[in-house]
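Here is the structure we will look at, set down as structure tokens.
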Amino acid sequence: MVTRPTEADTPPLAGFNKSREVSPPSHAKIPESTLRLRGVVSRELGWRGLARAGLGSGRRSIMAGAEGKAGVGGRRGREARTSLTAFVLGSSVAAVPLLLSAPPPALLSGLGFQGRAALALHVAGVNAALLLAWGRAPGGMYQIAIRACFLGFAFGCGLLLSFGQSTWKHFGWYMCSLSFFHYSEYLVTAVNNPRSLSLDSFLINHSFEYNLAAVSSWVEFTVEKFICPEMKQITWLSSAGLLMVVFGDCLRKAAMLTAGSNFNHIVQNEKSETHTLVTRGVYGWFRHPSYVGWFYWSIGTQVLLCNPICMVGYTLASWRFFRERIEEEEMTLIHFFGEEYLAYKRRVPTGLPFIRGVKAEL
């Protein structure tokens, strides 16, 4: 198994040193302009800003020792099972119309008193089940369950819209894509690297910028739907966006699974004895497969929604972030691995358009 130091993906855990910087290698010849860029990024964002960006591609550290592996293994199963059960409970809202013998979207579009009562009973029943099952469970299991259940509920509501004849059908696709992305981030982390697992692994409590971008896309979709409804019914375009979303999310998860227990959402800025360079699997296709996956996933969500403004905005903002982030990260990787990383860098592209990474030589 080969590994790399961890890349930023979620808000840092408590106690993480967010101000520490990694110095470039003394033997690397890095252009002065790149060093200036690195300084600007570090001063303006700091490691916390990079970690909160939610865009990691999986730089990771290996768990050592049989005792540590055994202890973490039990936690992995418990937290993964809890989250999966809660997610399924939440998504069971999609079955409510079947019990009422109603069309799938009717529950959300207004079925009257019967539909609203059924929805309220479902929510109350699921919450009661969560409290009974995990209300007093140790290890914050209830907090895990309630977040997974919320994402499952959003996923179920997305299914109701997706399989009905509602004009919000494509927004249902988006809801399914968004909720599943966030939940699967937690589940894959629970399976791959439970030692790094936290509530932040859901990526729900993201940065202000991330939340603002999401809300902006919802607002644009709603406004344009009422002003120009036919614009939101371009099925072939939304289908292309859905394919981008599926491709991006699958690539990202493949990167996490390739890294196995070494994937970590938190920036690792110190090299340990167990750090080696991952070059197999999807890392043989792209140097930053999780970044590539997130890039196309995020743009795909806006193509799916037929949001021209946010599509352009997401593309520019993501591209600019990744250009700076990759240069910052690759200076650290050169510092860690020297010629080994430079040879890998010459052989494998970043995977992102017009981004080649840091320019450096030994």
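The values are calculated or read from the model by the stated rules, or taken from the named source; none is laboratory data. Model, not experiment: these values are computed from the prediction. Here the Cβ is made from the backbone with ideal geometry for all residues, glycine too, and neighbour counts use every protein chain on show. We work out accessible area using only protein heavy atoms, side chains counted, and drop any ligands, DNA or RNA first. Shrake-Rupley method; radii C 1.70, N 1.55, O 1.52, S 1.80 Å.
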| query | For residues in region 181-202 being farther than 18 Å from Gly152 by Cβ, in a helix (DSSP H, G or I) and not hydroxyl-bearing (Ser, Thr, Tyr), which is modelled with the lowest pLDDT? | reply | Arg195
| said: Where the second residue is assigned to a helix (DSSP H, G or I) and the first is free of Cβ contacts under 8 Å to residues at least 40 places away in the same chain and lies in region 333-353, which pairs have Cβ atoms under 8 Å and are six or more apart or on separate chains? | reply: Leu342/Ile334; Pro353/Trp319
| field | Criterion (in contact (Cβ under 8 Å) with a residue 12 or more places away in the chain, open to solvent by 10 Å² or more (accessible area, probe 1.4 Å), on the phi < 0 side of the Ramachandran plot and part of a helix (DSSP H, G or I)) met by exactly one of Thr301, Thr315 | value | Thr315
| said: Quick test for you: out of Phe171, Phe202, Phe150, pick the one residue that is under 20 Å from the mean Cα position of the chain (by Cα) and closer than 17 Å to Thr301 by Cβ. | reply: Phe171
